[in-house]
Every structure is written in C-alpha cells, then in structure tokens.
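Q: The structure follows.
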Amino acid sequence: MNNFGLEIWSNNNFIVEDGQLKLNYKSMPSLLQIIEEIRSNDVRGPILLRFPHLIKKQIKSLYSYFDKAMTENSYEGKFSAVFPLKVNQFPNAVEAITSQGAQFNYGLEAGSKAELILAMSKTPAGANITVNGFKDKEMITLGFIAAQSGHNITITIEGLGELETIIEVAKECNLKVPHIGIRVRLHSAGSGIWAKSGGMDAKFGLTSTEIIEAIKLLREDNLLQHLSMIHFHIGSQMSDIAPLKRALREAGNIYAELKKMGAESLDSINIGGGLAVEYNQHTHSKSRNYSVEEFSSSVVFLLKEIMDAKKVQHPNIFTESGRFIVASHAVLITPVLELFTQDYQEKLINFKKVNPPLINELVDLNKLLNNKNCIEYLHDALDHMESILTLFDLGYIDLQDRSNAEILVHNIIKKALYLTSSNPTDELEELQVRLQERYLINASIFQSLPDYWGLNQHFPIMPLHNLNSVPLRAASLWDITCDSDGEIGFNPEKPLYLHDVNLDEEEYYLGFFNVGAYQETLGMNHNLFTHPSEYTIHLNDTGYEITNEVESKNILDILASLGYEKNEILNKLKTDLSNSKFITEKEKDDTLAKLQIFLQQNGYLRTTY
Ligand SMILES: *Cc1c(COP(=O)(O)O)cnc(C)c1O
C-alpha cells in the first residue's frame with residue numbers, strides 16, 4: 001500500500017483507516033468529513049484547517065524533553081520558550097499558540113514594531129517577550145513601555161548603536177528599563193539552506209570586541225544590572241545538529257566569560273530557533289539527523305559541561321523555535337478541478353462505419369489485453385499510435401480517427417499500468433513518468449506554498465480518501481494562476497502518484513501538510529488569489545467543533561485591499577450594464593443581481609459542487 005510516507009512526516013498526527021485520512025487524536029474524524037461539512041455551507045476554493053491540539057503537542061514535547069534533560073543532568077537553570085511571531089502572525093494561529101501555550105508560560109518573540117505591538121497585546125501575563133532584529137529609538141521606547149506595563153521583556157541588541165539608544169532612552173525617560181540581551185556573532189555557522197543567520201559574516205550580532213565595549217558602556221551608565229541574556233540564532237531548518245553544538249560551545253564560553261567580567265544579573269542563554277521539521281515523504285531523503293530529544297539533551301549537557309568547567313552557575317535556557325512549533329498545525333486542502341487526460345473517456349469514441357485498420361487493431365488490443373500479454377500489447381499500441389500520428393501528419397487519416405486512437409491508446413496504457421502495478425518494469429515506470437497526469441488544483445502555489453515556488457521546499461502531499469486503492473498516475477499539479485511557475489511538476493526522485501478518478505462522479509481532495517510555518521504571511525496575492533478560507537478545528541472525545549471561520553476575501557474586497565474604491569467599481573459596472581442595449585429592464589435587473597452575487601464570492605473557482 002502506498003501511504004504517502006505518512007510514517008516519515010506525520011509524527012503520528014494522522015492515520016489511514018477505511019481508505020480515509022484521519023486525525024489520530026480523540027474522536028479521530030476524517031479530514032474528508034470535516035471538509036464536506038465546511039463545503040456544505042457553500043464554501044468553495046482552497047481551505048486551510050488549523051488544529052490547535054497539534055500546536056500543544058509540539059509545545060509540550062519541547063518543554064518536556066528539556067525538563068527531562070535538565071532533571072537527568074541535574075541542571076540548575078530553568079527552561080523557557082517564546083514563539084517567534086514572524087513564523088505565523090495570523091490571528092487564529094496566534095490565538096491557538098497563546099491559548100495552547102498558556103499552561104507552559106510560553107511567550108512571544110517580536111522582530112519588528114508591528115510584531116512587538118502584537119506581542120504586547122497577546123502575551124499571557126508573566127510570559128516572556130523577546131525582541132530581536134534592527135531597532136530604532138521608537139522601537140526601543142516601545143520596549144520600555146512594555147516593561148513599564150508589566151511585561152517580562154528582553155530587548156536583544158544587534159549592534160552597539162542600539163545599546164547607545166537604549167542608554168539614551170533610559171536617561172530621557174522615567175520608564176522601567178527592560179531586560180537587555182546581547183546577540184553574539186559566532187564564528188561557527190549553521191547548516192541547511194537558511195543558514196545565513198550565523199557566522200562571522202552574519203547580518204546580526206556583536207563581535208567579541210564589541211561585547212567587551214558593550215559591557216563597558218553598560219557599566220558606565222549604571223545599566224549592567226539589566227543585562228540578562230545572550231542570544232544567537234544559527235538559522236532555520238537545521239538539518240544537522242553538529243553546527244548547533246559548535247555554536248553552543250562558543251556562546252556558552254562567552255556567557256561564562258561575561259559572568260567572570262562581573263555581569264552579575266546575566267542569567268540566560270537564548271539559543272534561537274532552527275529546530276527542523278520533516279517535510280519529506282520518501283525515506284531516502286530526510287530533513288534532519290536528530291530528534292527533539294537529542295537536541296534538548298545535547299543543549300543541556302553541553303551548557304552544563306562548560307559552566308561546570310568554568311565554575312559558573314548554570315544559565316536558564318531559552319529557545320525561539322517557530323517552525324517546529326507551528327508547521328504541523330495547518331493543512332491546506334484543495335479540490336482537484338480537472339484531470340487533463342480525463343478527456344480520453346471511452347464513451348467519447350466515435351467510430352465510423354469503416355475505420356482505418358490500425359484503429360481496428362487498437363480496438364482488439366484494448367479488448368484482449370490481460371495479465372499475460374499486457375506488455376506486448378502495450379508495445380503494439382504505442383507503436384500503432386506513432387504510425388497513426390504519422391498518417392495524420394501526411395493527411396491520410398482525419399481528426400476523428402486520431403481522437404479515437406488517442407482514447408484507445410490511453411485506455412490501453414491505463415489498463416497495462418494497473419495490471420502491472422504490483423510488479424512494474426523500468427520501462428513501465430518510465431512510461432508512467434512520460435504520461436503523467438496533470439491535476440488542476442483549486443489553489444495558488446504563490447499564495448499557499450510560496451516556499452515551494454521560491455526555495456523548492458517540498459511539502460507532504462496526499463489525497464484525503466481513496467486510500468484503499470493503489471494510486472497509479474504519476475502526478476503533476478497545476479494551480480489556477482496564469483503562471484507557468486504555478487506547478488508542482490512530477491519529480492522522479494520524489495515521485496507523487498495519485499488516483500485515476502472520474503471527477504464527474506466523485507470529488508477528489510488533496511491535502512498539503514506542514515504548511516503552518518512561514519507560508520501564510522509569505523504567500524502573495526499573485527493574480528489576486530488571496531489567503532484561503534480558514535477554519536480552526538477543535539477535536540473532542542465525541543466529535544469536533546469548527547470555529548473561527550475566515551472566508552477567503554471576496555472579489556470586491558480583494559480590489560479594495562489594493563486601494564481601489566469599491567463603490568466606484570460597482571457604479572461603473574452598473575452604469576455600463578444599464579446603458580447597454582437589446583435586453584429588457586427585467587433582464588438587466590436579473591443580470592445585475594447575478595453580478596452582485598459574483599462580487600461577493602471569493603476569487604477561486606466554483607466548478608465543483
Ligand atoms: C526566524 C527566527 C527564529 C525562528 O526560527 P525557526 O527556524 O522558525 O525556528 C528564531 N529566532 C530568531 C532570532 C529568528 O530570526
């Protein structure tokens with residue numbers, strides 16, 4: 001059975017049962033059931049489902065593995081974590097993160113003014129806020145306001161200039177001074193395609209000379225008692241744990257040195273984010289070489305070792321992993337609108353009274369194909385097809401003959417692939433690739449999977465149903481944008497096979513998994529396709545609850561979001577229609593009513609019912 005690599009990427013979040021993909025939690029509903037319920041309210045287009053229980057699962061595993069490692073190593077510091085808002089700032093994602101994280105005192109990290117305001121308004125009382133990224137005086141003042149308002153906030157300086165501004169603001173106002181962190185520039189860099197955040201040429205952080213200077217400045221201005229944290233972040237989606245260990249050794253030693261230099265209130269090391277998510281569906285290509293358990297025990301063990309050697313108290317450990325926390329919580333589900341070779345239906349064959357001999361032979365091959373002869377008959381059919389195309393080019397047969405032949409050959413190939421599916425030959429596999437089926441999905445890759453478009457990041461893809469039958473069609477997926485980059489092509493290295501379905505008779509839905517990190521705000525409105533309709537699904541013991549509906553923007557709102565005046569557009573359409581000729585007033589009114597309905601719908605296609 002083809003289970004689409006579920007055991008590799010799904011972390012037991014989903015299981016296949018009775019041919020359907022189900023959530024492996026509480027009442028275990030099938031995704032199809034949820035989607036059908038949502039669509040019964042006339043929702044069309046792609047749908048994004050959020051599962052808060054999957055966020056909780058990740059937060060819990062992070063905290064519990066660190067707790068375990070700390071207990072096992074008799075580690076004296078505490079563990080804390082914050083969620084970096086840049087990974088997903090959507091209201092219902094943040095709501096799920098803060099509510100599921102409340103019992104752990106899980107905080108938020110901000111990297112811009114808007115994110116800081118969001119953090120100040122959404123962080124649960126007592127939880128931490130950390131602030132990274134480049135800051136101006138206003139942003140630093142916001143940090144003071146947050147501290148004054150009771151937040152447990154740490155401003156991490158990325159350069160000496162920021163420290164000077166902090167000193168300036170502290171002198172100018174009477175607000176409470178926030179905790180101060182220093183981002184250290186490490187000579188050890190990260191690994192993976194996002195590893196631009198570490199290393200000596202990194203965009204962020206202070207060199208050792210600058211760190212010494214910072215301590216001096218803080219001491220002179222009597223602010224050293226606010227220095228509480230050193231921070232580094234070696235990049236996202238760490239594929240290998242070795243660079244992290246190198247970075248930890250370096251940062252751990254810097255911490256210990258600073259303690260010896262008299263930074264008494266320094267008590268935390270923030271190791272940034274970077275925990276990787278498994279996106280692969282095929283065993284030969286795994287995204288990471290470590291588990292969360294190994295990650296947490298390595299961090300704790302190394303820091304303890306360094307501190308014990310230098311006789312320094314164990315620091316509190318902070319993490320800012322984002323991708324690891326939220327990637328799994330969101331699933332994008334798209335209806336398939338069309339299979340391009342579906343036009344080759346047998347019922348569309350239109351034989352003549354007298355058909356060319358090659359066509360009669362194809363009819364026989366199609367009829368008589370069986371287990372034993374299928375390879376031979378398939379070869380014959382392909383050979384005939386070549387001849388028929390040549391005859392067509394030379395004008396000996398007409399378009400109807402050619403169409404009949406194409407339908408017959410397609411059927412023969414499908415049958416042959418089916419008959420040999422348990423034991424395909426290299427040739428058949430190659431044929432499958434050549435004859436890949438194109439599935440048109442009601443979604444935009446630019447909007448919903450921007451990292452596929454920009455970085456060639458693979459996301460797990462699988463159908464929600466039909467999972468009792470073997471998928472045989474080598475699949476490439478086309479989205480509905482008018483852009484040839486809006487395609488996930490068939491990749492023989494990481495093949496995706498889907499089912500041969502008749503969309504006139506049944507719906508076919510594809511799920512795209514682990515899309516909860518970065519994709520939503522990075523997604524772009526290319527062709528004016530906006531964020532899909534989204535729903536938060538809470539599972540309970542007997543069923544599930546669908547909440548927080550946010551329908552994809554309607555057409556007028558999409559245009560309004562670009563700055564167009566809705567009324568101006570509406571009036572122009574109305575005037576043009578009412579000035580038109582040759583239809584009655586009643587027909588005009590009816591057409592106008594229809595137009596109004598269209599404008600209230602989202603911009604995705606409505607061709608499936
Ligand atoms: C982006 C970022 C993170 C989050 O990284 P993930 O790979 O999503 O865990 C954490 N800290 C900082 C400073 C970042 O810039």
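Coordinate-derived values only; no laboratory data. Keep in mind it's a predicted model, so treat the numbers as computed, not measured. Note that we place each Cβ from the backbone using ideal geometry, even for glycine, and neighbour counts take in every protein chain shown.
Q: Checking the cross-link filter: which lysines have an alpha carbon closer than 30 Å to that of K414, excluding same-chain neighbours under 8 positions apart?
A: Within reach: K22, K347, K352, K353, K367, K372, K494.
Q: Something else: Which lysines, if any, have their Cα less than 28 Å from the Cα of K122, not counting same-chain residues under 8 positions apart?
A: Those lysines meeting the cut-off are K56, K57, K60, K78, K86, K113, K135, K137, K176, K553.
Q: Taking θ as phi - 60°, what are the ³J(HN,Hα) couplings along the range 88-104 by the Karplus curve (6.51, -1.76, 1.60), each to the nearest whole Hz, with x for Gly and Pro?
A: Couplings: 5, 9, 5, x, 6, 6, 5, 4, 5, 5, 6, 6, 6, x, 3, 5, 9 Hz.
Q: For the range 342-433, give the magnitude of the charge dipole about the Cα centre (Cβ charges: +1 Lys/Arg, -1 Asp/Glu; no others), in debye to the nearest 20.
A: It works out to roughly 540 debye.
Q: To the nearest µm²/s, what D does Stokes-Einstein give for the range 414-549 at 4 °C and 1.567 mPa s, using the Kirkwood radius over alpha carbon pairs as Rh?
A: 77 µm²/s
Q: Could you order peptides 112-119, 472-479, 73-80 by the average number of other Cβ atoms within 10 Å of their residues, highest first?
A: 472-479, 112-119, 73-80
Q: Could you give the size of the charge dipole of the chain about its Cα centre, using +1 on the Cβ of each K and R and -1 on the Cβ of each D and E, expressed in debye and rounded to the nearest 20?
A: Using only the charged Cβ atoms, the result is roughly 1740 debye.
Q: Sort the following peptides by mean Cβ neighbour count (other Cβ atoms within 10 Å, averaged over residues), highest first: 173-184, 483-494.
A: In descending order of packing, they fall as 173-184, 483-494.
Q: Give me, ordered by chain and number, the residues 5 or more places off H233 or on other chains with an amide H under 5 Å from its own placed amide H.
A: none
Q: If packing is taken as the average number of other Cβ atoms within 10 Å across a peptide's residues, how do 450-456, 557-563 rank, most packed first?
A: Packing proxy ranking, top to bottom: 450-456, 557-563.
Q: Which percent of the Cα-Cα distances in the range 342-433 go past 24 Å?
A: Of all Cα-Cα distances in the range 342-433, 20 percent exceed 24 Å.
Q: What is the Cα coordinate range of the chain on the first, second and third principal axes, sorted by size from largest, in whole angstrom?
A: For the chain, the Cα extents along the three principal axes come out at 101, 67, 52 Å.
Q: Please label the shape of the range 533-587 as rounded, prolate or oblate, based on the square roots a ≥ b ≥ c of the eigenvalues of the alpha-carbon gyration tensor (a/c under 1.5 means rounded; beyond that, a/b larger than b/c means prolate, else oblate).
A: oblate
Q: Name the residues whose placed amide hydrogens come within less than 5 Å of the amide hydrogen of Y279, ignoring near sequence neighbours (fewer than 5 apart) on the same chain.
A: Distant-sequence amide H within range of Y279: S287.
Q: Hey, fewest Cβ within 10 Å first, where do E213, E551, E7 land in order?
A: E7, E213, E551
Q: Could you go through the range 501-511 in sequence order and give the Karplus-derived ³J(HN,Hα) for each residue, using 6.51 cos²θ - 1.76 cosθ + 1.60 with θ = phi - 60°, rounded to whole Hz, and x for Gly and Pro?
A: 10, 9, 5, 6, 10, 9, 7, 9, 10, 10, x
Q: Can I ask one more? From the helices alone, meaning DSSP H stretches of at least four residues, give me the mean residue ellipticity at 222 nm for the chain, per-run term -39500 (n - 2.57), in deg cm²/dmol to the nearest 500.
A: One gets -12500 deg cm²/dmol as the mean residue ellipticity at 222 nm.
Q: Further, regarding this structure: List, in order, the whole-Hz ³J(HN,Hα) value for each residue of the range 308-321 obtained from phi through the Karplus relation with A = 6.51, B = -1.76, C = 1.60 and θ = phi - 60°; use x for Gly and Pro.
A: Those phi angles translate into 5, 5, 9, 6, 10, 4, 5, x, 5, 10, 10, 10, 10, 6 Hz.
Q: Taking every eigenvalue of the Cα gyration tensor of the range 80-121, multiplying by 5 and rooting it, what semi-axes result, largest first, whole Å?
A: Each semi-axis is the square root of five times an eigenvalue, giving 16, 11, 8 Å.
Q: Would you mind classifying the range 1-65 by shape? Square roots of the alpha carbon gyration tensor eigenvalues, ordered a ≥ b ≥ c; an a/c under 1.5 is rounded, otherwise it is prolate if a/b is larger than b/c and oblate if not.
A: It comes out oblate by the Cα gyration axes.
Q: For V515, which sequence-distant residues (separation of 5 or more, or a different chain) have an amide H within less than 5 Å of its own amide H, given hydrogens modelled in the peptide plane?
A: A330, L332
Q: What ranking do H465, H187 get, fewest neighbouring Cβ atoms within 10 angstrom at the top?
A: Lowest to highest Cβ neighbour count: H187, H465.
Q: Let me ask something else about it. Quick check on the range 49-156: take the gyration tensor over C-alpha atoms, sort the square-rooted eigenvalues as a ≥ b ≥ c, and tell me if it's rounded (a/c under 1.5), prolate or oblate.
A: It comes out oblate by the Cα gyration axes.
Q: May I ask which residue of I15, L467, N442 lies farthest towards the positive end of the charge dipole of the chain, with charges of +1 (Lys, Arg) and -1 (Asp, Glu) on Cβ and the Cα centre as origin?
A: The residue sitting most towards the positive pole is I15.
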